[in-house]
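The values are calculated or read from the model by the stated rules, or taken from the named source; none is laboratory data. Because the structure is a prediction, the values reported are computed rather than measured. Quick reminder, even Gly has a Cβ in these numbers, built from the backbone with ideal geometry, and neighbours come from all protein chains shown.
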Amino acid sequence: MIDGGIKAFRGRRILLLQGPVGPFFTRFAQDLAEAGASVHKINFNAGDWLFYPGGETYRGTMEDWPRWLGHRLAELDIDLVFLFGDCRPIHQAAHRVAQDLNIEVGVFEEGYIRPDFVTLERDGVNANSLMTRTPEEYRRAPDRVIARRSMPHSFWWMVWWGFLYFTIGGFGQVFFPHYRHHRPLTIMEMFPWLLSPLRKQWFKWRQRGVQARLEGEFDKRFFLVPLQVHNDSQVVVHADVGGVEGFIASTIASFARHAPGDCLLVLKHHPMDRGYRNYTRLVRTLAAEAGCPGRVLYIHDQHTPTLIRHCRGVVVINSTVGLTAVGMKCPTKAVGQAVWDMPGLTYQGSLDRFWADAPEAVPDNDLFLKFRDELIATTQINGSFYRKLAPEASATGLIWSAEATSLPRAAVQRRPAAGEAASAAAGIAAGEAASRPPIAALAGR
């Protein structure tokens, strides 16, 4: 028994490329097949094979990949490609090939509204999303009734699937000599996953009592800076900040020069980067050089929503924690590109001015609610990639609402700026690209 929404993919000829770590794409293929779709899968490394052993294998070079894929898409008569993460090199190349062949592309990504949703959009996600950045279009959008089930904790499932994927992928590299992953894929990757829980316990002991102080004596007297994973495409592709290290450096320097003297700067490490990076020495050095060593705090596993509730403002690159902060009516500054970064939701002035202007930069909650509901209705699916939310509804455990897979009309969209149109060889004009509906309409083709 599958959720009724996914039945809209009946009759489609679908190709799956790389999915999230874990068995999600195998389960997704089961849902699609039961709905009446024809499903094919391409694997690129041993980690892919581990979770989808029945898939076809590509063993060629990156240079040959577009040509090979073009032939395969034609041979299989594919009309829809699904992938996870639109900035991976193999997916960027595949996207260009699909556009040239007028084949639709659906992009999965972690949910904009976490932890209860995953993202599915046409063509691109995050800064590549087709969602409009114009507040007035959201204000004019119809009111929506959004239903959801709360997602149980799935963090350790994600850690487990990731550990297996990178460990097997590393051991199996000899069978895929030409493959290049978007992040290191070696047997050495098992060690950060093993180190992570040890560091978690160490910092939990070392930083005991920190959250209570931030909630108490420093209530509304600190700025929160949630850090992101060092090799996240959001940081590497969609932000010109010099990576996480560059972001830390520029933020501390700006804070030291322009923030009120009675405020702290609190940098919070990303839990998925715990085993890979430790910025303790960097933060200490930069704070000392900036002349504010006693005003910069580097923390790890404190409760983020509670910190947001007690802070004066939030500074992010483009993490979805920023959207959470906006939803909590907390002044928020994004220094990278984000689908939710727009007037009325986030501070649009410079970072240097944000420190003083934060108390007057409270987000427009009515606009946020309109934006959130439109975002959920057109791009979010209730559930998780890593743990089933509703096993009775589908193999994936996602709740495939009819609206999430076959919207009757196009949602509000971004018009491409000059140069963003598809290539002339593909024969797609800029106006045509702008009028394409979101992924929700793909199923009804």
Counting only residues that are surrounded by fewer than 20 Cβ atoms within 10 Å (Cβ to Cβ), give me the strands (runs of 3 or more DSSP E) lying completely in region 1-84 with at least 1 of them.
13-16, 38-43
Taking region 338-364 only, how many residues are surrounded by fewer than 17 Cβ atoms within 10 Å (Cβ to Cβ) and either modelled with pLDDT under 95 or more than 23 Å from Gly111 (Cβ to Cβ) (or both)?
11
Just to check your reading of the model, which residue among Leu194, Leu265, Leu198 is in contact with a helix residue (DSSP H, G or I) (Cβ under 7 Å, 6 or more places away or on another chain) and not acidic (Asp, Glu)?
Leu265
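Could you say which residue among Arg67, Arg88 is of a type outside the set (S, T, N, Q) and more than 26 Å from the chain's Cα centre (by Cα)? First the steps, then the outcome.
Values: Arg88 fails: more than 26 Å from the chain's Cα centre (by Cα).
None of the others qualify; the one that does is Arg67.
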Give just the number: which of (1) within 21 Å of the chain's Cα centre (by Cα); (2) part of a helix (DSSP H, G or I) does Met151 not satisfy?
(2)
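Among the candidates Met188, Met151, single out the residue that is modelled with pLDDT under 85 and either loosely packed, with under 12 Cβ neighbours inside 10 Å or not assigned by TED's automatic domain parsing to the domain that holds Gly275 (or both).
Being modelled with pLDDT under 85 and either loosely packed, with under 12 Cβ neighbours inside 10 Å or not assigned by TED's automatic domain parsing to the domain that holds Gly275 (or both) holds for just one of Met188, Met151, which is Met188.
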Has region 118-127 got at least one residue that is of a type in the set (Asp, Glu), closer than 17 Å to Thr378 by Cβ and part of a loop (DSSP other than H, G, I, E, B)?
yes
Among residues belonging to region 365-423 that are farther than 30 Å from Thr26 by Cβ and either in contact with an Asp or Glu (Cβ under 6 Å, 6 or more places away or on another chain) or aromatic (Phe, Trp, Tyr) (or both), point out the one that is modelled with the lowest pLDDT.
Val412
Candidate set: region 217-237, residues that are modelled with pLDDT under 95 and out of contact with any Phe, Trp or Tyr (no Cβ under 9 Å at 6 or more places or on another chain); chosen: the one surrounded by the fewest Cβ atoms within 10 Å (Cβ to Cβ):
Glu217
Of all the strands (runs of 3 or more DSSP E) wholly in region 277-336, which have at least 1 residues that are surrounded by fewer than 21 Cβ atoms within 10 Å (Cβ to Cβ) and not charged (D, E, K, R)?
296-299
Please go through region 337-389 and give me each residue that is among the hydroxyl-bearing types (Ser, Thr, Tyr), farther than 18 Å from Glu136 by Cα and outside any loop (DSSP other than H, G, I, E, B), ordered by number.
Thr379
